[in-house]
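Here is the structure we will look at, set down as structure tokens.
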Amino acid sequence: MSSPSSSQVDLSHHLSAEAKLRRPNPMKEIWRLARRKPNMVSLANGDPHSSLYPIKSMQFEVASVDEKDPVASWRTAGPSARSQRLISTRDGPCALPVKTAMQYTTGAGLPETQCALTELTKFYHNPLDHTVTLTLGNADAVIKCFRLLGNPGDHFLADEFTFSALANAALPQGIKWVPVRIDDGGLIPEELERILSTWDEARGPKPHVLYTVPCGQNPTGSTLTVERRKRIYALAQRHDLIIIEDDPYYFLQYSAPASAAPARTLAPSFLSLDVDGRVLRVDSFSKIIAPGMRLGWVTSSAFFHAHLVSYTDSSTQHPHAFGQVFVTELLGPAGWTLPGFDAWVCGLRGEYQRRRDYFLALFARTVAPTGLAEARAPAAGMFVWVRIHVERHVRFRRERAIGRGRRTNCKQLMEELFEHCLDGGLVVMPGSVFVLSTDPEYDSPEGSIEDRMNYFRLTFAGTEEAMEQGLTIFGDALQEFFAEPASRLIKSEDVFDS
Ligand SMILES: Cc1ncc(COP(=O)(O)O)c(C=O)c1O
């Protein structure tokens, strides 16, 4: 397996015991030898012969990107919207012929697709000395990164509210989460520094991995400022952290005008700042093409790439050829090409920004006047983190119980409000869903996160109709819940005497 490249820092000590124990898939090694030079005769691997694939060609009809705003044209023109065909035939000519695409390949993905995504990554991030590995989307990629880096008992850092589907996936591996406070500007570097510089080794090994969502963070919608990104990277260098940069909302950044070229206006990623090879950047097509694509890519040092490939070679193998053909043809000379892709994501930004603004204007009209909830405009992503003024509820209690560091009944009231919304016909995502599972003994100086769960995550990704109906129900549910007479619903467990 490759050593770290000479220009990068040796970070091999971050590998998990599992990753170190992993042996390359021996059959893949022989398979690679068959590709050492052209016209090798192979009687080695049991690869089905391409003449027996019952597929003559693959065709995809996609939106045309010739219009000034291709997303607006595609969305509004209905069945007459202009489209373009991507065709992969068995032997070509095309960017990725069926014959090649449908065969086994390595865990890195098909070279043609890897090359297309390397060019795309170069266009947006221009990283130094990094290699692309294809994945089945960010969930697959992040979990593979956890397996690559985490030993039982290791501490990993993450945004205090985070995408719990992935954070929870690390728990059976024995990884312990250490939450870092965030605000509208994303993860707070001073908090990260405080945790790292005051780490008590009696608690266990010092954290060596930071998992973070830098743009349109899920669930809070916050986006890291450029200045914070630089400070966090410097802290990662000082404290020897690996950064897993999970960035599915990168292309949905709204701070810049929608008409500007994204390559020049999107915030610099951690990958673009990485000189040591300590960033594993995780990208996905889920939010910019469709979630069912199940395709994404990790960009990392060649060293971590080799370990990701080794893991993939012996587990999921490479991603499906259908998605790889689609992406390769889409980005290829007969498809959108990179400028066309750029025009598409630029249009998507404009469209989601329009939906965000619609949501916020509605919120200002229907919910904010209640004085019971507030929403701030996210600079990226699909989510608004709505703060509920739970302290204004007649049954709100403070400082009456000390159990597990909890000082208020915020959690309980939020659960009731959630049920109240459901009764009204509205599903919202409770903030509690995103709380990292941590050791309460080490709660932050501000106290238990259970006292700060007074948030719902709402999305503006849907239709105007859904937003109108949803926010009307939400405003009504809030008013009813907060208007409850003091005496009516008080139950014995609501009384907070300790
Ligand atoms: C922060 C974050 N990471 C990962 C994912 C999963 O992405 P994918 O569909 O590429 O697996 C999501 C999806 O919502 C997400 O918000």
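Do we have any residue at all in the stretch 472-492 that's assigned to a helix (DSSP H, G or I) and at pLDDT below 70? Checked against the condition, which is being assigned to a helix (DSSP H, G or I) and at pLDDT below 70, the stretch 472-492 yields at least one hit.
Taken as a whole, the structure leaves Ser42 outside the set of residues that are within 29 Å of Gly153 (Cα to Cα) and among the polar types (S, T, N, Q).
I'm trying to understand the selection: among the residues of the stretch 183-220, which are of a type in the set (Val, Ile, Thr), surrounded by fewer than 22 Cβ atoms within 10 Å (Cβ to Cβ) and out of contact with any Pro (no Cβ under 8 Å at 6 or more places or on another chain)? If the condition is that a residue be of a type in the set (Val, Ile, Thr), surrounded by fewer than 22 Cβ atoms within 10 Å (Cβ to Cβ) and out of contact with any Pro (no Cβ under 8 Å at 6 or more places or on another chain), then Ile188, Thr198 are the ones that fit.
Filter the stretch 130-139 down to the residues that are surrounded by fewer than 22 Cβ atoms within 10 Å (Cβ to Cβ) and in contact (Cβ under 8 Å) with a residue 40 or more places away in the chain and list them by number. Leu136, the sole residue that qualifies.
Does the stretch 387-442 hold any residues that are of a type in the set (Gly, Ala, Ser) and either modelled with pLDDT of 90 or more or over 26 Å from Arg203 (Cβ atoms) (or both), and which are they? Even if it seems obvious, please write down each step before you answer.
Keep residues of the stretch 387-442 that are of a type in the set (Gly, Ala, Ser), which gives 401, 403, 405, 424-425, 431-432, 437.
Gly424, Gly425, Gly431, Ser432 - these are the residues of the stretch 387-442 that are of a type in the set (Gly, Ala, Ser) and either modelled with pLDDT of 90 or more or over 26 Å from Arg203 (Cβ atoms) (or both).
Any residue in the stretch 110-127 that is in a loop (DSSP other than H, G, I, E, B), at pLDDT 95 or above and farther than 23 Å from Phe285 by Cβ?
Narrowing the stretch 110-127 to residues in a loop (DSSP other than H, G, I, E, B): 110, 126-127.
Remaining after also requiring at pLDDT 95 or above: 110, 126-127.
If we keep only those that are farther than 23 Å from Phe285 by Cβ too, we end up with none.
No, every residue in the stretch 110-127 fails to be in a loop (DSSP other than H, G, I, E, B), at pLDDT 95 or above and farther than 23 Å from Phe285 by Cβ.
Scan the stretch 362-374 and report the pairs whose first residue is part of a helix (DSSP H, G or I) and whose second residue is loosely packed, with under 15 Cβ neighbours inside 10 Å, with Cβ atoms within less than 6 Å and a gap of 6+ or a chain change. If the second residue must be loosely packed, with under 15 Cβ neighbours inside 10 Å, the pairs left are Thr370/Gln479. Could you check, for the stretch 346-368, whether at least one of its residues is assigned by the TED database to the domain that holds Phe434, under 20 Å from the mean Cα position of the chain (by Cα), buried (at least 21 other Cβ atoms within 10 Å of the Cβ) and among the β-branched types (Val, Ile, Thr)? No: the stretch 346-368 contains no residue that is assigned by the TED database to the domain that holds Phe434, under 20 Å from the mean Cα position of the chain (by Cα), buried (at least 21 other Cβ atoms within 10 Å of the Cβ) and among the β-branched types (Val, Ile, Thr).
Which members of the stretch 150-174 meet the condition of being among the hydrophobic types (A, V, I, L, M, F, W, C) and over 18 Å from Ala236 (Cα atoms)? Once the filter is applied, which keeps residues that are among the hydrophobic types (A, V, I, L, M, F, W, C) and over 18 Å from Ala236 (Cα atoms), the stretch 150-174 yields Phe161, Phe163, Ala165, Leu166, Ala167, Ala169, Ala170, Leu171. Every listed requirement among (1) under 27 Å from Val384 (Cα atoms); (2) surrounded by fewer than 20 Cβ atoms within 10 Å (Cβ to Cβ); (3) in contact with a strand residue (DSSP E or B) (Cβ under 9 Å, 6 or more places away or on another chain); (4) at pLDDT 95 or above is met by Val178 save one, (2).
Answer yes if at least one residue in the stretch 150-168 is surrounded by fewer than 24 Cβ atoms within 10 Å (Cβ to Cβ), modelled with pLDDT of 95 or more, assigned by the TED database to the domain that holds Gly216 and β-branched (Val, Ile, Thr), and no otherwise. Within the stretch 150-168, not a single residue is surrounded by fewer than 24 Cβ atoms within 10 Å (Cβ to Cβ), modelled with pLDDT of 95 or more, assigned by the TED database to the domain that holds Gly216 and β-branched (Val, Ile, Thr). Restricting the first member to the stretch 143-165 and to residues that are among the acidic types (Asp, Glu), and the second to residues that are within 14 Å of the ligand (Cβ to nearest atom), the beta-carbon pairs closer than 7 Å and six or more apart or on different chains are Asp159/Ile182; Asp159/Leu187; Asp159/Thr212; Asp159/Val213; Asp159/Gln217; Glu160/Ile182; Glu160/Leu436.
What about Pro291, is it within 22 Å of the chain's Cα centre (by Cα), crowded, with 16+ Cβ neighbours inside 10 Å and within 16 Å of the ligand (Cβ to nearest atom)? The answer is no for Pro291.
A quick yes/no check of all residues on (1) under 30 Å from Leu330 (Cα atoms); (2) in the same structural domain as Thr463 (by the TED database); (3) of a type in the set (Asp, Glu):
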position: Ala19; (1), (2), (3): no, no, no
position: Trp31; (1), (2), (3): yes, no, no
position: Ala34; (1), (2), (3): yes, no, no
position: Lys37; (1), (2), (3): yes, no, no
position: Leu43; (1), (2), (3): no, no, no
position: Gly46; (1), (2), (3): no, no, no
position: Ser64; (1), (2), (3): yes, no, no
position: Glu67; (1), (2), (3): yes, no, yes
position: Trp74; (1), (2), (3): yes, no, no
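The values are calculated or read from the model by the stated rules, or taken from the named source; none is laboratory data. All of these numbers come straight from a predicted model, not from anything done at the bench. Every residue, glycine among them, receives a Cβ derived from its backbone with ideal geometry; neighbour counts consider all protein chains shown.
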